[in-house]
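First the structure, in the form of structure tokens, and then the observations on it.
The values are calculated or read from the model by the stated rules, or taken from the named source; none is laboratory data. From a predicted model like this one, the values you see are computed outputs, not experimental measurements. Note that we place each Cβ from the backbone using ideal geometry, even for glycine, and neighbour counts take in every protein chain shown.
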Ligand SMILES: [Cu+2]
Ligand SMILES: [Cu+2]
């Protein structure tokens, strides 16, 4: 990240006014900054770096899977197994979970609230460095320990790895989790305490409701990870049987602990995405978001219900039938708020003054992927069908649609939506749309064939496979190349825009939330005078100004 | 790469006649029910996916506006909101109910089921029949409920038979169960679906469904290998069936355990520094008390076969070893 940052600190937007990018110079002014905006940019660079790393592993895996056996990369079993573990772990813990809250949450949340910064700026910087430390620790532990357990670290397989590798790796996850807890606490306090005048809870932008709900999950779920690490360590050092059957422990207990954290974590991944899509659909439709209260409450409902469904990962584990029935039922209750959100977004678009911008294309792509991801979740929530589909490529496809669709497309949508604000410049609109379409199509070509393979019985985490599955694997790999190309294109377009793009106005889309009231890019302190909040989706007072290619407010 | 798994991988699958675009053949009594629930959800999903994508695209084209168009008026429609809450809720209740009843059917084995014991070990399955016969492929009679009582000797595995739509984790330290009633004669794939290390993807086997009467014939034959084959052939079969080849190679290549190429009469260095010549008694000890004399350079990881291989079996293996030049 450093090269991008330093150049930006020195040269980038040549705006005359003082903004957060020009406010201070030099690498130190970035590394020691307490400005939430700069911390957000640092998170962005770091998490995108993690995405690229995880993505390279994904492409290597998909290339190997073109054929059964070692394939054109002449990969060994163990290399393949370590690589899919690294791919999953890096994507989940270093990209999907931290990316949106860390990057966009940090950048946008205080400005949306009309605040000068988060409640605890120093803690915020500490969270960032804790994240960096955790990331390095985690990746080192994984590589040094040759961890090949998959990102789920199931016992007893994982405790048979040499040199306590898994304890170190889970410790890494826990350090990362601590960073999440700090960020979550910071956001919760900021939202409670630093809302601008006029911003009642129900005048809060939906992105903030989503981040708020996410923060609640982070604070409540992450400690369970700590307990798990502690139990693993106690078992190893004191030989008390907890998870290890040779000591009298129960290996399935680990799965309960793991999913008690990791299922809520799925909502840490998807809720911020929901929030972004709500913003994009509202602003770019130039119409009040349909069912605002419902969307706001459903984020909270999903956050809380998300704690009660972990057992749906254990239908084939030998868990009691009664437990499975209860977990299945609660899982279905989450389906309904998710479905209604989609209908609300569509209803917002209906009879709107819709602007067919790049963010809108990403929002549409998100809806496509989330509908497919969500509906295929019904197959897995239905116990009888899950028995057949569990641990096959169907599941792999399902969670990629939900988690990658949820995070990646929402992140892109959010970046394209807020980029003019973040860097004061526009990207190329045409290439933006091309990128959105390529990512959406590439994604579907990659993962749709996996539903078919999975239903036909292809198990996941297979180094080699029966010849009958090859056609689907080839299609999936070609899709992955397209997706990879689309992602690089989309980021390149943003990066070029940040340096060379045409200057953006303060409010290029006509958003009514507070971040559009400060200049682009925002000044160091965000607002000279604390603004007053109104309905975040009432656009009546905003009219288009051709000279600046932006919208100006005429409020009496 | 080794024998059984590899031959299974390279040989085209003999899928039954009724494989469809989505599914492998329906070869068990419950498969049709599971597929029915799947298709029930499938068509609901197709309907909503098409509806939502079409509506989204249509709105994007139809309501596309100029930048200076006035913002649109907020909408509200209680009837619509109630509909799109209640309809998915009702559908979810049905899906939940079908999923539940289907699950109960596939998890309540009939009392008169034929029981086969299953052991999972990295990376092979072994199936033990009531008369003590052991095989590395699962043999079952058609039209008779079969209950698998499963356990693992090391890590968690999972026994998945796609053609029967059935799967169950095999967990160390406890027994788990899985039952089915095959209704079609033929051979179907068995996969391990819980990640279990290096050769997880080669932990494959087959279930062979025999026609009425054929199964008992097979069992009688399989049960007395020593009568129907020479000791060398019996030894060769045993080492395949009991998973020895997961750790020992025949071609001289290194593996978890020493290769068996040229094992007979070989001079072996032991971990304690002594050395000896491989003879009948050494092989016998190696199989029954593997930890007693550990070969230098290898870990003490070989499981004991005490009680699992009889004297006659070991004699056969010894005869087989003599042929491995
Ligand atoms: Cu879950
Ligand atoms: Cu396995």
Between a residue in the stretch B:60-84 that is exposed (fewer than 13 other Cβ atoms within 10 Å of the Cβ) and any residue that is modelled with pLDDT under 85, which pairs come within a Cβ distance under 7 Å, given they are 6 or more apart or on different chains? none
Apart from one, (1) under 22 Å from residue B:197 (Cβ atoms); (2) more than 16 Å from ligand 2 (Cβ to nearest atom); (3) away from chain A (no Cβ under 14 Å); (4) touching a helix residue (DSSP H, G or I) at 6+ places or on another chain (Cβ under 6 Å) all hold for residue B:127; the odd one out is (4)
Do the conditions hold for residue A:51, that is, is it under 25 Å from the mean Cα position of the chain (by Cα) and farther than 30 Å from residue A:115 by Cα? yes
Please count how many residues of the stretch B:43-78 are within 23 Å of residue A:441 (Cα to Cα) and out of contact with any helix residue (DSSP H, G or I) (no Cβ under 8 Å at 6 or more places or on another chain). 10
Could you say whether any residue in the stretch A:482-496 is more than 30 Å from residue A:397 (Cβ to Cβ) and within 27 Å of the chain's Cα centre (by Cα)? yes
Among the residues of the stretch A:55-78, what is the count of those that are at pLDDT 95 or above and not in a loop (DSSP other than H, G, I, E, B)? 10
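Could you tell me how many of the residues in the stretch B:18-39 are in a helix (DSSP H, G or I) and either more than 9 Å from every other protein chain (Cβ to nearest Cβ) or out of contact with any helix residue (DSSP H, G or I) (no Cβ under 7 Å at 6 or more places or on another chain) (or both)?
Start the filter on the stretch B:18-39 by keeping residues that are in a helix (DSSP H, G or I), which leaves B:31-39.
When the remaining residues are screened for being either more than 9 Å from every other protein chain (Cβ to nearest Cβ) or out of contact with any helix residue (DSSP H, G or I) (no Cβ under 7 Å at 6 or more places or on another chain) (or both), the result is B:32, B:35-36, B:39.
Adding up the residues that qualify gives 4.
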Tally the residues that are assigned to a helix (DSSP H, G or I), free of Cβ contacts under 8 Å to residues at least 40 places away in the same chain and surrounded by fewer than 21 Cβ atoms within 10 Å (Cβ to Cβ), restricting the search to the stretch A:317-335. 7
Given the conditions (1) more than 12 Å from chain B (Cβ to nearest Cβ); (2) more than 28 Å from residue A:498 (Cβ to Cβ), every one holds for residue A:451 apart from (1)
Check A:274, A:254, A:307, A:258 and return the single one that is closer than 15 Å to residue A:410 by Cβ and touching a residue at least 24 places away in the same chain (Cβ under 8 Å). A:274
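Quick one: would you say residue B:91 is more than 8 Å from chain A (Cβ to nearest Cβ), assigned to a helix (DSSP H, G or I), over 21 Å from residue B:20 (Cβ atoms) and touching a helix residue (DSSP H, G or I) at 6+ places or on another chain (Cβ under 9 Å)?
Numbers: more than 8 Å from chain A (Cβ to nearest Cβ): yes; assigned to a helix (DSSP H, G or I): yes; over 21 Å from residue B:20 (Cβ atoms): yes; touching a helix residue (DSSP H, G or I) at 6+ places or on another chain (Cβ under 9 Å): yes.
Yes.
Among the listed residues A:219, A:189, A:143, identify the single one that is surrounded by fewer than 20 Cβ atoms within 10 Å (Cβ to Cβ), at pLDDT 90 or above and over 30 Å from residue A:293 (Cα atoms). Show your work before the answer.
Numbers: A:219 fails: over 30 Å from residue A:293 (Cα atoms); A:189 fails: over 30 Å from residue A:293 (Cα atoms).
None of the others qualify; the one that does is A:143.
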Residue A:276, sole failed condition from (1) within 14 Å of ligand 1 (Cβ to nearest atom); (2) in a helix (DSSP H, G or I): (1)
Any residue that is out of contact with any strand residue (DSSP E or B) (no Cβ under 8 Å at 6 or more places or on another chain), over 20 Å from residue A:283 (Cβ atoms) and more than 7 Å from chain B (Cβ to nearest Cβ) - is there at least one of those in the stretch A:352-368? no
